Amino acid sequence: MFLAVPKDGKWNLDGTDGDYINQLFVQANARRYYVTMQDNFYVFGVGAGSTAVHQAAIRLSRHWSGLATFGDLREEVLQRSTALQRTGNNGATERFVSAAQVQLPVWMSWTENAGVNADVCAYWKAANDADEECFSNRWADEIYFPGKVVKTSQVNEEKIAQVRVTNGFSGEPELARIRAVWEYLHLACRHRGFGTKHLRNRIDPKEYGFTYHTMTCDGFVRCWYEYVPQKVKDSGEAAPVVVCMHGRGGTAETFISLSGMSRVAEERSFIALFPEAGVFQQRPGTLRNLLVWSGNYKGKPTDDVGFILRMLEDVKLRNRVDPSRIYACGQSSGGMMTHTLAMKAPGVFAAVAPWSALVKPEDTLELPETIEPAIPYMFLFGDEDFLCSDVENGQLPYRVTELIASVLKNLIRVYGLNETPASYRVGEITYYVYRNAKGTPMLTVGRVKDMPHANYPRESWISYDEFLSKFSRRDDGTLLYMGEEAM
């Protein structure tokens, strides 16, 4: 959360301080000094600062997750509302940061909804496609909900942004008021995806029925969240399991919202597991709050493969698990961990779906001569992903980096796949499907248009419905595709 305080108590309201606030977002998102949950940024303004933060949010609205102001707005607030900001390079995470008029949860406290204040309220009501019907609660005199017409599925982005107004406010906000505002704003999170960033409700694990578990591995307390749909519990039948692993700097809890995999589990009747990576320090002298898979602590490698396998055995003690249908997926560092599990424990998993990463660029690449038993891959990545895509010099039909190409080419060779993939496009994704002699799609690569280093909820549905669920194993390890022998 950004709470902007001006030097010497004075704001430049010509728009330059608004742009400066957005540059602070760029710096924080670059993760140079501490690791944030990327894209979950909120901005508060008090007094004259209210005008500056509105200017910032209007100019870069697709990158903020919430806005709150306390004080009347100045006439300069909307003077640059049509000139959306474009900042330039934001480091490796995204090639640029730009804005568009998108929905944004806002809460404005002022003396009255009139004059310039009313103009700004109208601006955000238009941006959020708000209904005119007005509601209220203890803290807000006016609450405008988004319109009832929804033309999209809301899998990736949910239409959730309200406009809230508190009239009769002056002075500085008391703690109780700030807490009430924060309790509303923090329910929304905005995540990278294709085309733009997507606003979604935050999934609270406790409220949604997740259980939290821990175990001690190599002297460290490791943890995970477990989601077992009620109909899985009631059926008494053995259920599939999907292990879903967060990216570098994320957590098990944040990846629940980012991936949306628990909602797939609810609809498709499987158990979803969200384990958490081990502690690691990103850079000497910086905050030690980075979580990364297959990292190390004080020079000693972290045995994350051992942790995941022990977690699965622990889950089996409480639930009826179908051992023939255990799958793994993950994004970025979690995608690397997915590939590691496929290489180190291929007999445990029926299929894997790494997203936006396969191996660490800094590690020595080990390409196995054989993979026994064979394990199918679905690899999804964005065409603007700095870690995977090389538009100008990339290899294979989908222009991946040399490192990624080496892993994929090795899979093609080891499995004896047809080197010329079948290709088709659905929506934002162009697929490349490599089949073996029996016609089994042992490797599917999906290139997502206009997406940086990210994943989004629809990938979870695609990975499970279109790929993972089609594979299973017999007790002897034989791989099956749609019930028939795959090899």
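Quick note: the coordinates plus some simple rules give every number you see, no bench work behind them. Here the structure is a predicted model, which means the values were calculated and not measured. Positions of Cβ are backbone-derived with ideal geometry, glycine not excepted, and every protein chain shown enters the neighbour counts.
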Net charge near Ala180 (other residues with Cβ under 12 Å of its Cβ; Lys, Arg +1; Asp, Glu -1) is +2
Contour minus Cα-Cα span, Glu362 to Ala437, at 0.36 nm per residue, comes to 23.5 nm
Of the convex hull enclosing the alpha-carbon atoms of the chain, the direction-averaged projected area in nm² is 24.7 nm²
Per the Kirkwood formula over distinct C-alpha pairs, the hydrodynamic radius of the range 211-485 in angstrom is 18.9 Å
Amide H neighbours of His453 at under 5 Å, excluding residues fewer than 5 places away on the same chain, with H built from the backbone geometry, are Phe386
Phi angles of the range 213-220, converted by Karplus (6.51 cos²θ - 1.76 cosθ + 1.60, θ = phi - 60°) into ³J(HN,Hα) in whole Hz with x for Gly and Pro, give 9, 9, 7, 9, 10, 6, x, 10
Karplus-derived 3J(HN,Hα) from phi for the range 66-74 (6.51 cos²θ - 1.76 cosθ + 1.60, θ = phi - 60°), whole Hz, x at Gly and Pro, runs x, 9, 9, 9, 10, x, 5, 9, 8
Of all DSSP beta bridges with both partners in the range 211-485, the antiparallel percent, nearest 5, is 60 percent
Ranked from fewest to most other Cβ atoms within 10 Å of their own Cβ, Trp110, Trp461 fall in the order Trp461, Trp110
Taking Lys and Arg as +1 and Asp and Glu as -1, residues besides Arg318 with C-beta under 13 Å from its C-beta add up to 0
In Å, the Kirkwood estimate of hydrodynamic radius for the range 2-201 over Cα pairs equals 17.0 Å
Going from the fewest other Cβ atoms within 10 Å to the most, one would list Thr420, Thr251 as Thr420, Thr251
Any aspartates and glutamates whose Cα falls less than 17 Å from that of Lys159, other than same-chain ones fewer than 8 residues away, would be Asp129, Asp131, Glu132, Glu133
Those chymotrypsin sites (Phe, Trp or Tyr not before Pro) from the range 165-212 that are DSSP loop and have at most 16 other Cβ neighbours within 10 Å turn out to be Tyr208
Applied in sequence order to the range 316-328, the curve 6.51 cos²θ - 1.76 cosθ + 1.60 (Karplus, θ = phi - 60°) yields integer Hz couplings, x standing for Gly and Pro, of 5, 6, 10, 9, 7, 10, 8, x, 7, 9, 10, 10, 9
The Kirkwood hydrodynamic radius of the range 203-312, taken as the inverse of the mean 1/r over all distinct Cα pairs, in Å, comes to 14.8 Å
Nearest 10, in degrees from 0 to 90: the angle of helix 333-344 to the longest Cα principal axis of the chain is 10 degrees
Surrounding charge for Pro205, neighbours by C-beta under 11 angstrom, Lys/Arg +1, Asp/Glu -1, total -2
The simple spin-label model distance between Arg320 and Asn137, using points 7 Å out along Cα→Cβ, in nm, is 4.1 nm
Long-range share for the range 136-295, i.e. C-alpha pairs more than 19 Å apart as a percent of all pairs, stands at 68 percent
Sorted on mean Cβ neighbours within 10 Å (highest first), peptides 389-396, 185-192, 218-225 come out as 185-192, 218-225, 389-396
Taking a straight Cα-to-Cα line shorter than 12 Å from Lys231, and setting aside same-chain aspartates and glutamates fewer than 8 residues away, one finds Glu266, Glu267
Tilt, helix 402-415 to longest principal axis of the chain (alpha-carbon atoms), in degrees rounded to tens, equals 30 degrees
So, relative contact order of the chain in percent, Cα under 8 Å, 6 or more apart, is 11 percent
